[in-house]
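The values are calculated or read from the model by the stated rules, or taken from the named source; none is laboratory data. Fair warning: this is a prediction, and the values are worked out from it, not measured in the lab. When we count neighbours, we look across all protein chains shown, and the Cβ atoms used for this are built from the backbone with ideal geometry, even at glycine. Calculation scope for accessible area: heavy atoms of the full protein, side chains included, ligands and nucleic acids excluded. Shrake-Rupley method; radii C 1.70, N 1.55, O 1.52, S 1.80 Å.
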Amino acid sequence: MTTITADVAVAPRHSFQEVWVISLGHALTHWYPATFYLLLPLIGKELGLSYSEIGSVLTCQYLAGAIANIPGGIFVDTVGRKGLLMAASLFWIGFPYLIMGFSHAYWMILCCATLVGIGNNLWHPSAIPWLANRFPQRKGLVMSIHGMGGNVGDAVAPLVVGALLGFMSWRNVVVVNVVPGVLLAAVALFYLGRRRNGEDAASADAAPKISAAERLRMFGALLKNRALITLAAGSAFRTMTQGALLTFLPLYLAREMAYPPLWIGACMFALQAGGFVAAPIAGHLSDRVGRRQIILSSMAMSAVVIFLMLFAGGTGWFVMFVSVLGFFLFAVRAVLQAWLLDATPPAMGGSAIGLLFASQAFGQAVGPVSAGVVADHYGLMGAFYFLAATIVIANFLVFVTPAGLMKRD
């Protein structure tokens, strides 16, 4: 009997309500970063920042996440109290954005971005293994629903903030933006705390008794898995594309196409809405036909759409391609997570997700500042040529990932 089969045999049936509530918390973790993408052009204008400096703000955030994710994942596996850690992460992510609203120095913005990157690393190693272990036979689907929560935060936040910026300063918007975050956090914290007190011993939050030395040995074994490392590297280049796109698409729409904040927010909403629609479809199909096929096809289509955007710059077609790109680019996030966990021992789920998100955070750190350097030298449209190159590399790395990584349920 395989590890995955054994998990299925002993895992009790859980209410799907857990998936929706944890996905709601996931929406909160994405709400604040999504609003920041829309605020960043205004912050850059007020502080007189160059494209490279604008990109470096997000680089600090994601680089901090890249450094903190691996020890954070090991910490989650060691502590085991995933409900409490998710609650801590919810607070840690939102509070630094409030501090930014009272900041007038470039270095302070960088410090707040770094704090966000550190706090964000606790959520995914806690939430994703929790859901995967509680729903082992529907892993792709629950990962996708969890991902949809992130898409909701990513999509709705720019739309709301774009409307608010029509009659409020960005500093006032940051203060007002705390209100929905506090309400969502209260709901999630209440539910997670209640679930923590009533969980059974077979749940994903019941950490196995493994010594620190054995846990480090198991983590070393993960690092020797060539397929896992290749998959993580491919994911890093995919998120490099994503991070640069989310940074420079609002700048392009504002400076090259002269869109007002409301329309920029609508375009960002369209980008995320495409991913929202695609995520459950991709997750369900990955449970049926395999993770590899879904990831390769989605990432290949992302490359095609970005190349089409290069020829449609400055026209209405460019905006249409943005929404199509979201359908393919964001569809594979949850499938990548499910693929990784298929081949990971349950006791090391947090560490594996920490490794994946560390590589993704590194890609997101490098992407914005690299695209900013290209834009400073070759114009803003040059950033989109950079996007095309990174997604092609991501496709190649996933293509050469050994199929043996995936163990079917």
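Measuring with a 1.4 angstrom probe and ignoring ligands and nucleic acids, Phe167 comes out at about 150 Å² accessible. Rolling a 1.4 Å probe over the protein chains gives Thr344 an accessible area of about 10 Å².
Calculated FRET efficiency, Leu296 and Glu46, Cβ-Cβ r, R0 51 Å, to nearest 0.05? It comes out at approximately 0.75.
Among the protein heavy atoms, those of Phe91 account for about 140 Å² of accessible surface (1.4 Å probe, every chain in place). The simple spin-label model puts a point 7 Å past each Cα toward its Cβ; for Leu98 and Met381 those points are separated by 4.5 nm.
In terms of accessible area, using a 1.4 Å probe and ignoring ligands and nucleic acids, Tyr378, Tyr252 rank largest first as Tyr378, Tyr252. In this label model, Glu214 and Ala389 are separated by 4.8 nm, measuring between points 7 Å along each Cα→Cβ vector.
How high is the relative contact order of the stretch 18-151, given as a whole-number percent (alpha carbon pairs under 8 Å, six or more residues apart)? Don't skip to the end; give the middle numbers.
On the way: 143 pairs, mean separation 56.1, N = 134.
Relative contact order of the stretch 18-151: 42 percent.
Residues Met301, Met381, ordered by accessible area of protein heavy atoms at a 1.4 angstrom probe radius and largest first, appear as Met301, Met381.
Just reorder Cys267, Cys111 by solvent-accessible area, largest first, 1.4 Å probe, all chains present.
Numbers: Cys267 10, Cys111 65 Å².
Heavy-atom accessible area, descending, gives Cys111, Cys267.
Working note: Karplus 6.51/-1.76/1.60 with θ = phi - 60° gives the stretch 22-32 the couplings 5, 5, 5, x, 4, 4, 5, 5, 9, 4, 5 Hz, where Gly and Pro are set to x. Each residue of the stretch 46-51 is assigned a 3J(HN,Hα), and the resulting list reads 5, 8, x, 8, 7, 4 Hz, derived from the Karplus form 6.51 cos²θ - 1.76 cosθ + 1.60 (θ = phi - 60°), x at Gly and Pro. Per-residue Karplus couplings for the stretch 363-377, computed as 6.51 cos²θ - 1.76 cosθ + 1.60 with θ equal to phi - 60°, are listed in order as x, 5, 6, 6, x, x, 6, 5, 5, x, 4, 4, 5, 5, 8 Hz, Gly and Pro entered as x.
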